[in-house]
Amino acid sequence: MWEKSYETCLTETEKLPSFFAEAYHTGYKEKFGIVYKRRIEWLAPHSIKIGDVFSGFGGVRCKGAFHLGACKAIANKGNSVEAEFDDFIFSIAFPSDFTVEIFHGSEHPFMGWRSTIYGAWEPIYSIVFSFQLSEDYHCKTILKIVEN
(Lines give C-alpha, C1' and ligand atoms only; values in the text may rest on other atoms or scores of the structure.)
Protein backbone atom coordinates (compact mmCIF):
# COMPACT_ATOMS: atom_id res chain seq x y z
CA MET A 1 0.00 0.00 0.00
CA TRP A 2 2.95 2.35 0.48
CA GLU A 3 4.01 2.05 -3.15
CA LYS A 4 0.51 2.31 -4.60
CA SER A 5 -1.70 4.24 -2.20
CA TYR A 6 -5.24 5.39 -2.88
CA GLU A 7 -7.08 8.63 -2.27
CA THR A 8 -8.85 9.23 1.04
CA CYS A 9 -10.83 12.28 2.02
CA LEU A 10 -12.80 13.41 5.07
CA THR A 11 -15.67 15.17 3.31
CA GLU A 12 -17.88 16.41 6.12
CA THR A 13 -18.23 16.57 9.91
CA GLU A 14 -20.74 18.18 12.21
CA LYS A 15 -21.52 18.33 15.93
CA LEU A 16 -25.12 19.56 15.92
CA PRO A 17 -27.93 18.51 15.64
CA SER A 18 -26.13 15.14 15.76
CA PHE A 19 -22.47 14.26 15.65
CA PHE A 20 -21.33 12.70 12.37
CA ALA A 21 -18.34 12.25 10.12
CA GLU A 22 -18.26 11.27 6.45
CA ALA A 23 -15.30 10.16 4.34
CA TYR A 24 -14.49 8.22 1.20
CA HIS A 25 -11.63 6.24 -0.31
CA THR A 26 -10.76 4.99 -3.79
CA GLY A 27 -9.09 1.71 -2.71
CA TYR A 28 -11.57 -0.40 -4.73
CA LYS A 29 -11.63 1.85 -7.81
CA GLU A 30 -8.86 0.29 -9.88
CA LYS A 31 -9.87 -3.35 -9.39
CA PHE A 32 -13.69 -3.02 -9.11
CA GLY A 33 -14.52 0.49 -10.39
CA ILE A 34 -16.01 1.42 -6.98
CA VAL A 35 -15.55 4.47 -4.74
CA TYR A 36 -16.50 3.69 -1.13
CA LYS A 37 -18.05 6.33 1.16
CA ARG A 38 -18.97 5.88 4.83
CA ARG A 39 -20.94 8.12 7.16
CA ILE A 40 -20.91 7.45 10.91
CA GLU A 41 -23.67 9.22 12.81
CA TRP A 42 -24.10 9.22 16.57
CA LEU A 43 -27.89 9.30 16.84
CA ALA A 44 -28.27 9.04 20.62
CA PRO A 45 -26.04 8.24 23.62
CA HIS A 46 -26.24 4.51 22.87
CA SER A 47 -27.01 4.39 19.13
CA ILE A 48 -24.76 4.74 16.07
CA LYS A 49 -25.77 4.55 12.41
CA ILE A 50 -23.24 3.48 9.78
CA GLY A 51 -24.23 4.50 6.25
CA ASP A 52 -22.23 2.97 3.41
CA VAL A 53 -22.33 3.94 -0.27
CA PHE A 54 -20.53 1.97 -2.97
CA SER A 55 -20.55 4.17 -6.09
CA GLY A 56 -19.90 2.27 -9.29
CA PHE A 57 -20.80 -0.97 -10.99
CA GLY A 58 -22.46 -3.80 -9.11
CA GLY A 59 -21.84 -7.52 -9.20
CA VAL A 60 -19.15 -7.62 -6.50
CA ARG A 61 -19.62 -9.93 -3.48
CA CYS A 62 -18.59 -8.15 -0.27
CA LYS A 63 -17.79 -9.54 3.16
CA GLY A 64 -17.04 -7.92 6.51
CA ALA A 65 -16.88 -8.83 10.18
CA PHE A 66 -17.36 -7.61 13.72
CA HIS A 67 -15.12 -9.44 16.18
CA LEU A 68 -16.50 -9.32 19.71
CA GLY A 69 -14.41 -9.79 22.80
CA ALA A 70 -15.49 -12.05 25.60
CA CYS A 71 -19.25 -11.77 25.54
CA LYS A 72 -21.46 -14.16 27.54
CA ALA A 73 -23.94 -15.13 24.84
CA ILE A 74 -25.01 -14.18 21.36
CA ALA A 75 -28.30 -14.53 19.47
CA ASN A 76 -28.78 -14.35 15.72
CA LYS A 77 -32.25 -12.97 15.03
CA GLY A 78 -32.29 -12.99 11.25
CA ASN A 79 -30.60 -9.78 10.20
CA SER A 80 -30.02 -8.52 13.69
CA VAL A 81 -27.62 -9.87 16.29
CA GLU A 82 -27.66 -9.33 20.06
CA ALA A 83 -24.54 -9.95 22.14
CA GLU A 84 -24.82 -10.07 25.92
CA PHE A 85 -21.91 -8.75 27.99
CA ASP A 86 -21.70 -8.45 31.79
CA ASP A 87 -23.73 -5.25 32.15
CA PHE A 88 -25.00 -4.38 28.68
CA ILE A 89 -26.39 -5.84 25.47
CA PHE A 90 -24.85 -4.81 22.16
CA SER A 91 -27.06 -5.15 19.09
CA ILE A 92 -26.37 -4.79 15.38
CA ALA A 93 -29.20 -4.40 12.87
CA PHE A 94 -27.98 -5.29 9.38
CA PRO A 95 -29.68 -4.44 6.08
CA SER A 96 -32.26 -7.01 4.97
CA ASP A 97 -30.19 -8.18 1.97
CA PHE A 98 -27.17 -9.11 4.13
CA THR A 99 -26.35 -12.71 5.01
CA VAL A 100 -25.24 -12.94 8.65
CA GLU A 101 -23.24 -15.81 10.20
CA ILE A 102 -21.83 -16.22 13.71
CA PHE A 103 -18.62 -18.10 14.43
CA HIS A 104 -17.17 -19.10 17.81
CA GLY A 105 -13.88 -20.99 17.74
CA SER A 106 -14.53 -22.45 14.29
CA GLU A 107 -11.82 -24.47 12.56
CA HIS A 108 -13.44 -24.49 9.08
CA PRO A 109 -13.41 -21.63 8.30
CA PHE A 110 -10.85 -20.49 10.85
CA MET A 111 -12.95 -17.77 12.43
CA GLY A 112 -13.96 -16.66 15.91
CA TRP A 113 -10.58 -16.68 17.63
CA ARG A 114 -8.28 -14.16 19.28
CA SER A 115 -4.74 -14.29 20.55
CA THR A 116 -3.75 -12.11 23.48
CA ILE A 117 -0.50 -14.01 24.13
CA TYR A 118 1.90 -15.28 21.47
CA GLY A 119 1.04 -18.87 20.53
CA ALA A 120 -2.21 -19.03 22.51
CA TRP A 121 -5.70 -18.86 21.01
CA GLU A 122 -9.05 -18.44 22.70
CA PRO A 123 -12.52 -18.56 21.14
CA ILE A 124 -14.52 -15.35 20.71
CA TYR A 125 -17.66 -14.53 18.79
CA SER A 126 -17.22 -13.21 15.26
CA ILE A 127 -20.17 -11.89 13.27
CA VAL A 128 -19.50 -12.25 9.55
CA PHE A 129 -21.79 -10.50 7.08
CA SER A 130 -21.87 -10.64 3.31
CA PHE A 131 -23.87 -9.04 0.52
CA GLN A 132 -23.94 -8.56 -3.23
CA LEU A 133 -23.35 -5.05 -4.55
CA SER A 134 -25.81 -3.63 -7.01
CA GLU A 135 -24.95 -0.51 -9.00
CA ASP A 136 -24.51 2.53 -6.71
CA TYR A 137 -25.36 0.45 -3.62
CA HIS A 138 -26.54 2.18 -0.39
CA CYS A 139 -26.99 0.47 2.99
CA LYS A 140 -27.15 1.27 6.69
CA THR A 141 -26.22 -0.66 9.81
CA ILE A 142 -27.42 0.34 13.29
CA LEU A 143 -25.36 -0.33 16.44
CA LYS A 144 -27.02 -0.03 19.87
CA ILE A 145 -26.02 -0.58 23.48
CA VAL A 146 -28.67 -1.23 26.13
CA GLU A 147 -27.96 -1.63 29.84
CA ASN A 148 -28.53 -5.17 31.07
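Applying the condition of being among the charged types (D, E, K, R) and farther than 24 Å from Ile142 by Cα to region 3-60 and asking which residue is surrounded by the fewest Cβ atoms within 10 Å (Cβ to Cβ) yields Glu3.
Residues are listed down the side, and each one gets a yes or a no for (1) assigned by TED's automatic domain parsing to the domain that holds Asn148; (2) in contact (Cβ under 8 Å) with a residue 12 or more places away in the chain; (3) farther than 21 Å from Val146 by Cα; (4) loosely packed, with under 14 Cβ neighbours inside 10 Å:
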{"residue": "Glu82", "(1), (2), (3), (4)": "no, no, no, no"}
{"residue": "Gly112", "(1), (2), (3), (4)": "no, yes, yes, no"}
{"residue": "Ser115", "(1), (2), (3), (4)": "no, no, yes, yes"}
{"residue": "Gly119", "(1), (2), (3), (4)": "no, no, yes, yes"}
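A residue that is touching a residue at least 12 places away in the same chain (Cβ under 8 Å), assigned by TED's automatic domain parsing to the domain that holds Tyr24 and over 30 Å from Lys31 (Cα atoms) can be found somewhere in region 47-68.
The values are calculated or read from the model by the stated rules, or taken from the named source; none is laboratory data. What you are looking at is a predicted structure, and each value in this text was computed from that prediction instead of being measured. Note: ideal-geometry Cβ built from the backbone for every residue, glycine included; neighbour counts use all protein chains shown.
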